[in-house]
Amino acid sequence: MADLVESVLQKAAEKESKYKSIEVHKDIDLDIDAGNLLAVDPNPLDAKKLREKRDEYLISLARDNTQLLINRIWELPVERVEGTIVAKLPAPKTILPREKPIPKPKPETKWQQYAKLKGIQNKKKARKVWDDEIKDWRPTWGYQSRVNDELNEWVLEVPANADPYEDQFGKAKKAKTERVAKNELQRMRNIARASKLKVPGVGLTPTDTPSKDHLSKALTLAKKSTASVGKFTDSLPKEKPVKNTGKKRKFEPNVGDMSKEKSAQLDILSKMAKAGPTVNVTKAMKQHMLEEEQQRQKTNSERPKKAKSIKKSIKRKQGKDTKRGGGGKGKRRGRK
Amino acid sequence: MRPLTEEETKTFFEKLSKYIGENIKLLIDRPDGTYCFRLHKDRVYYVMEETMKKAANISRENLVSFGTCFGKFTKSGKFRLHITALDFLAPYAKYKIWVKPSAEQQFLYGHHVMKSGLGRITENTPQYQGVIVYSMSDLPLGFGVAAKSTEDCRRVDPMTVVTFHQADIGEYIRSEDTLT
């Protein structure tokens, strides 16, 4: 009997010795944040042990600290849920950074941008407004709202300056459809702009009184609206080339091939020289008059000294004249 | 800063050739280095390649000037020569007029040249030809347009304008802040 007791005690002692104590001593208390199940050990590491038995030391340190954390958890109020003991964690103390980035603000619509720029503040509209006529509340917009009254009217007034045979009901209905379409278009464009897609232009909307600018735009658009994108569209006689057709200007690179630039400029110069002097009528006439005058002077008083220089200038003049192809008959004389 | 387009080059050369004719070639094709024309803020600058490359590092707003400003393109696309171009126009000028010392000041204050102030004029200057104005001591004073041809100049009375003023070196003081 005594043997049995001893053996049991021994086994218990052995079992006991396998487990370490739940009592852990630390010089400085651990910083425990039970809400996050986080324990921070401010005690310095034992440098000697760390060097000799690194892994064992670290494992034992981790075990002790975990034990302390679990001790703390056991101090918390516990309850039993479906046969499991559950501790109720307090609110976390440590502030952790958020996992995901802060959501970006919703992209503004065109109107919102404009309103912000101009400082326009939106007044919140009530969903329903009191209607004095029918003594009841009616929706501000949408089905059965006053906005749509015009469409539900059984009779409509014809404006004074309007065509009496014009369908006012049809007109109102059409205006409404256009408003809705415009709104839808703007909504789509807002979405397109928000998702950084290319926002398509509206093109040209028909107007009653198109301006000159509007017409010229319409003309260019119409010319381009063929299967060949206007490649074979004939232009009218004396039609001016269209400005600002959305073609981007392209310039030569600033620091490019300098020799090429130079040769291009020289090319332009030579072209200009070729196109060059047409007959300047006034100039030719003046020259002619001058020559006549000089001839008169010469006949009046013959000066032998000047004869040489005159001959020279004649030669030069003739050379020049043939080049220019300037008209004029008879003798030509210049003066140096 | 960018090179001139072909159209701009043509406009620019047409204006330049009124004063120096085909001597523009000498400006483009220089033996002492590569020079080029660059457009910056609507102004045309005549600049050495190295200087241009260095100036290209400066942002557009901060770049005031580089090289020599020849003039500017107006909003209507025409080209207007500035007085700063005189240093390059004067040596290659085809037609010149010289003004008398008494008329020098009048011209430098921005007035036209009268017949009375006319010292000499290049022979065969046609009417409305671009001319460089010199003082009698051969100092370039500015440039303008001949209002009368050389032949007409002989006949007209002394108070007739013979050269329309376009630019003069007095502008360096008068319009200091617009010249670059």
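Report the net charge of residues surrounding A:Ala264, where surrounding means a beta-carbon distance below 13 angstrom and charges are Lys +1, Arg +1, Asp -1, Glu -1. Charge balance in the 13 Å sphere: -4. Relative to the longest principal axis of the Cα atoms of chain A, the long axis of helix A:281-300 lies at roughly 40 degrees. Within the listed set B:Thr68, B:Thr160, B:Thr84, the residue fluctuating most in the Gaussian network model of chain B (springs between alpha-carbon atoms under 10 angstrom) is B:Thr160. With 31 Å as the limit, the listed pairs A:Lys231/A:Lys262; A:Lys286/B:Lys100; A:Lys260/B:Lys72 have A:Lys231/A:Lys262 beyond it between alpha carbons.
Fully extending the segment from A:Val40 to A:Asn300 would add 81.1 nm, taking 0.36 nm per residue of separation and subtracting the current Cα-Cα distance.
In plain terms, the chain from A:Trp130 to A:Ser195 could stretch by 19.4 nm, reckoned as 0.36 nm per residue minus the Cα-Cα distance.
Counting only other chains, and only Cβ atoms inside 10 Å, what mean value do you get across the residues of A:261-270? Intermediate results must be reported in sequence, preceding the final value.
Details: counts 8, 6, 2, 5, 13, 4, 2, 10, 10, 2.
Whole-number average of other-chain Cβ neighbours for A:261-270 is 6.
Cα-based values for the protein assembly as shown, radius of gyration first and Dmax second, are 46.9, 173 Å. Per residue, chain A reaches -15000 deg cm²/dmol at 222 nm when only DSSP H runs of four or more residues are counted, each adding -39500 (n - 2.57).
Placing unit charges on the Cβ atoms of the charged side chains and taking the dipole of the stretch A:49-104 about its Cα centre, the candidate lying farthest along the positive direction among A:Leu76, A:Asn65, A:Pro103 is A:Pro103.
Computed over chain B with a Gaussian network model linking Cα atoms closer than 10 Å, the most mobile of B:Asp32, B:Asp157, B:Asp87 is B:Asp32. Ordering B:Ala56, B:Tyr46, B:Phe79 by Cα displacement along the dipole of the stretch B:2-89 toward the positive end leaves B:Phe79 in first place; charges were set at the Cβ atoms of Lys, Arg (+1) and Asp, Glu (-1). Would you mind checking the pairs A:Lys238/B:Lys15; A:Lys116/A:Lys182; A:Lys271/B:Lys75; A:Lys104/B:Lys53; A:Lys274/B:Lys148 and listing those with alpha carbons more than 32 angstrom apart? From A:Lys238/B:Lys15; A:Lys116/A:Lys182; A:Lys271/B:Lys75; A:Lys104/B:Lys53; A:Lys274/B:Lys148, over 32 Å: A:Lys104/B:Lys53. Projected onto the charge dipole of the protein assembly as shown (+1 at Lys/Arg Cβ, -1 at Asp/Glu Cβ, origin at the Cα centre), which of A:Ala175, A:Met285, A:Asn300 gives the Cα projection farthest towards the positive end? It is A:Asn300.
Which FRET efficiency value, to the nearest 0.05, do you get for A:Asp55 and A:Glu79 by plugging their Cβ-Cβ distance into 1/(1 + (r/R0)^6) with R0 = 45 Å? Can you show the working numbers first?
Details: r = 39 Å, r/R0 = 0.86.
The value I calculate is 0.70.
Restricting to chain B, what percent of DSSP beta bridges are antiparallel, rounded to 5? It would help to have the intermediate numbers written out before the result.
Details: 30 of 34 bridges.
Looking only at bridges with both residues in chain B, the antiparallel portion is about 90 percent.
Taking every DSSP helix (H) stretch of at least 4 residues in chain B, weighting each as -39,500 (n - 2.57) and dividing the sum by the residue count yields a mean residue ellipticity at 222 nm of -7000 deg cm²/dmol. Placing +1 on the Cβ of every Lys and Arg and -1 on the Cβ of every Asp and Glu, with nothing else charged, gives chain A a dipole about its Cα centre of roughly 6880 debye.
Charged side chains reduced to their Cβ positions (Lys and Arg at +1, Asp and Glu at -1) give the stretch A:2-87 a dipole of some 320 debye around its Cα centre. Placing pseudo-labels 7 Å out from each Cα toward the beta carbon at A:Ala284 and A:His25 gives an inter-label distance of 12.6 nm. Scanning residues 5 or more positions from B:Thr163 or on other chains, those with amide H under 5 Å from its amide H are B:Val113, B:Ala147, with H placed 1.01 Å from N in the peptide plane. Within the listed set A:Pro103, A:Pro164, A:Pro77, the residue fluctuating most in the Gaussian network model of chain A (springs between alpha-carbon atoms under 10 angstrom) is A:Pro77.
A short reminder: the numbers here are calculations on the coordinates, not readings from a lab. The structure presented is a predicted model; accordingly, all values stated were derived computationally and were not measured. Here the Cβ is made from the backbone with ideal geometry for all residues, glycine too, and neighbour counts use every protein chain on show.
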